[in-house]
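**Student:** Here it is, the structure in full.
The values are calculated or read from the model by the stated rules, or taken from the named source; none is laboratory data. Owing to the predicted nature of the structure, the values given are computational and were not obtained by experimental measurement. Please note: Cβ atoms are built from the backbone with ideal geometry, for glycine as well, and neighbour counts cover all protein chains shown.
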Amino acid sequence: MSGTAHNMFDHLGRFDLVLLLSMDKATLESRLADTSRENRFGRTPEEVAWSHAWREIVESRLTAVGAVSIDAGQAIEIVVDEVMNSCARAGLPVADRG
């Protein structure tokens, strides 16, 4: 599962592992502005400001409950490797990517 919801903090205990895919402000803004995305959210200054504020809340609260933080600003192959390795370290089954 990826993304956020207003009530997600109420349900974190249901998961064996919580991963925080974080990125710096510049990367977030670049991805929101990417016109190849079909989702139009994040194209207005107000939505960008909201995204930054929500990002700070999410990152703070997830870090406080021990989420594993992964820099999602890296190349996708590195992010995938870090996600898979985090799952394996937590003893969760991971599919063979070979």
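**Student:** Which condition from (1) under 19 Å from V83 (Cβ atoms); (2) assigned to a loop (DSSP other than H, G, I, E, B); (3) of a type outside the set (S, T, N, Q); (4) in contact with a helix residue (DSSP H, G or I) (Cβ under 7 Å, 6 or more places away or on another chain) is the one that G3 breaks?
**Tutor:** Status for G3: all satisfied but (4).
**Student:** I'd like the full set of residues that are within 14 Å of S69 (Cα to Cα) and among the hydrophobic types (A, V, I, L, M, F, W, C), limited to segment 81-98.
**Tutor:** Answer for segment 81-98, where residues must be within 14 Å of S69 (Cα to Cα) and among the hydrophobic types (A, V, I, L, M, F, W, C): V83, M84, C87, A90.
**Student:** Something else about it: Among the residues of segment 53-71, write down those that are out of contact with any Asp or Glu (no Cβ under 7 Å at 6 or more places or on another chain), in contact (Cβ under 8 Å) with a residue 24 or more places away in the chain and not small (G, A, S).
**Tutor:** Hits for segment 53-71 are W54, R55, V58, E59, R61, L62, T63, V65, V68, D71.
**Student:** Which residue pairs have Cβ atoms closer than 9 Å, lie 6 or more positions apart in sequence or on different chains, and pair a first residue in segment 73-98 that is within 17 Å of T27 (Cα to Cα) and among the small types (G, A, S) with a second residue that is assigned to a loop (DSSP other than H, G, I, E, B) and modelled with pLDDT under 95?
**Tutor:** Partner pairs satisfying both residue conditions: G73/M23; G73/D24.
**Student:** Determine, yes or no, whether H11 is surrounded by fewer than 10 Cβ atoms within 10 Å (Cβ to Cβ), in a loop (DSSP other than H, G, I, E, B) and without any contact (Cβ under 8 Å) to a residue 60 or more places away in the chain.
**Tutor:** No.
**Student:** Still on this structure: Can you tell me which residue is modelled with the lowest pLDDT among those in segment 41-72 that are over 13 Å from L28 (Cβ atoms), of a type in the set (S, T, Y) and out of contact with any strand residue (DSSP E or B) (no Cβ under 8 Å at 6 or more places or on another chain)?
**Tutor:** T44
**Student:** Checking A95 against (1) small (G, A, S); (2) surrounded by 13 or more Cβ atoms within 10 Å (Cβ to Cβ); (3) not in a helix (DSSP H, G or I), which single condition isn't satisfied?
**Tutor:** It is condition (2) that A95 fails.
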